[in-house]
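These notes are about the structure you will find just below.
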Amino acid sequence: MIKKTSALILMMALLFGLYGIAQAANTATQDVSYQVTDINAISVSGDPGTLIINTATAGALPDAVSDNATSYSITTNGTTKKITAKIDSAMPEDLALRILLDPPSTTGTSAGEVALTTTEQTVVSDITPVVASGLAILYTLAPASTTPPAPTSGTKTVTFTLTDN
C-alpha cells in the first residue's frame, strides 16, 4: 500500500510539474513603444453679436459697447504657452476693437484688455499643462481718439494662436 501511495504521489508530482512546464511554454512577450507629442489645441464657441455704438452723453465721446457671449477652450501639455490674437485687417483710425480673455483657473496670466491689431498681441501668457473649456472672451468696441468715430461698419476676423511663450 505504501508503494502504491508513493507511486501515486510521484505520478501526481510529475503531472503537476509537466503542467507547469506546459504553461510556461504558452507565454509570449512584446515590447510596446509609446510617445506623447506636443499638444496645443484652441477653439472658440462661435461669433459674438454685432457691436453697435449708438449712444453718447452730450459733450462726451460715444459709449463703448461690449459683448461677452463667446468663450474659448484649450488643451495643452506644454510647459510655457501663450495665446495670441490678431485681426485680419486694420480698424478704422477712430475705432478700437479690444479683447479680454479669462485665463484658465489653474494656470496662465491675462494680459488684460488688449487693442487688436494686424500684429499678434499676447492675450494670455504663462500657460502650463491644462484642459479648460468655457473660458470667457470679452470684446469691446470703443472710440480710439478724442474725436467721435465716423459712421462705418465692417467685419474683422480674429485669429487666436496657442504657441510657445
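Output the residues belonging to region 70-85 that are closer than 18 Å to Gly112 by Cα and not hydroxyl-bearing (Ser, Thr, Tyr).
Residues satisfying the conditions are Lys81, Lys82, Ile83, Ala85.
Just checking, does region 86-100 include any residue being under 12 Å from the mean Cα position of the chain (by Cα), among the hydrophobic types (A, V, I, L, M, F, W, C) and more than 16 Å from Leu51 (Cβ to Cβ)? Walk me through how you get there before you give the answer.
First, the residues of region 86-100 that are under 12 Å from the mean Cα position of the chain (by Cα): none.
Looking for residues that are under 12 Å from the mean Cα position of the chain (by Cα), among the hydrophobic types (A, V, I, L, M, F, W, C) and more than 16 Å from Leu51 (Cβ to Cβ), one finds none in region 86-100, hence no.
Look through region 53-75, keep the residues that are part of a loop (DSSP other than H, G, I, E, B) and aliphatic (A, V, I, L, M), and return whichever of them is nearest to Thr140 (Cα to Cα).
Residues of region 53-75 that are part of a loop (DSSP other than H, G, I, E, B), as a first pass: 53-55, 57-61, 63-64.
Okay, now just the ones that are also aliphatic (A, V, I, L, M), so 53, 58, 60-61, 64.
Numbers: Ile53: 10, Ala58: 21, Ala60: 18, Leu61: 15, Ala64: 7 Å.
Going through the qualifying residues, I end up with Ala64.
Between a first residue in region 130-158 that is under 17 Å from Asn68 (Cα atoms) and a second residue that is among the aromatic types (Phe, Trp, Tyr), which pairs have beta carbons less than 7 Å apart while being 6 or more apart in sequence or on different chains?
As it stands, the answer is Leu135/Tyr72; Ile137/Tyr72, since those pairs meet every condition given.
How many residues does region 33-52 hold that are within 30 Å of Asp63 (Cβ to Cβ), part of a loop (DSSP other than H, G, I, E, B) and either touching a residue at least 60 places away in the same chain (Cβ under 8 Å) or not charged (D, E, K, R) (or both)?
Applying the first criterion (within 30 Å of Asp63 (Cβ to Cβ)) to region 33-52 yields 44-52.
Narrowing further to those that are part of a loop (DSSP other than H, G, I, E, B): 45-52.
When the remaining residues are screened for being either touching a residue at least 60 places away in the same chain (Cβ under 8 Å) or not charged (D, E, K, R) (or both), the result is 45-46, 48-52.
Of the residues in region 33-52, 7 are within 30 Å of Asp63 (Cβ to Cβ), part of a loop (DSSP other than H, G, I, E, B) and either touching a residue at least 60 places away in the same chain (Cβ under 8 Å) or not charged (D, E, K, R) (or both).
Among the residues in region 150-162, are any in a loop (DSSP other than H, G, I, E, B), within 30 Å of Ala58 (Cβ to Cβ) and hydroxyl-bearing (Ser, Thr, Tyr)?
For region 150-162, residues in a loop (DSSP other than H, G, I, E, B), within 30 Å of Ala58 (Cβ to Cβ) and hydroxyl-bearing (Ser, Thr, Tyr): present.
Report yes if some residue within region 76-83 is loosely packed, with under 15 Cβ neighbours inside 10 Å, within 18 Å of the chain's Cα centre (by Cα) and part of a strand (DSSP E or B); otherwise report no.
There is no residue in region 76-83 that is loosely packed, with under 15 Cβ neighbours inside 10 Å, within 18 Å of the chain's Cα centre (by Cα) and part of a strand (DSSP E or B).
Each value in this text was obtained by applying a stated rule to the coordinates, not by laboratory testing. The structure displayed is predicted, hence computed values, not measured ones. Here Cβ is always computed from backbone atoms with ideal geometry, including for glycine, and neighbour counts include all displayed protein chains.
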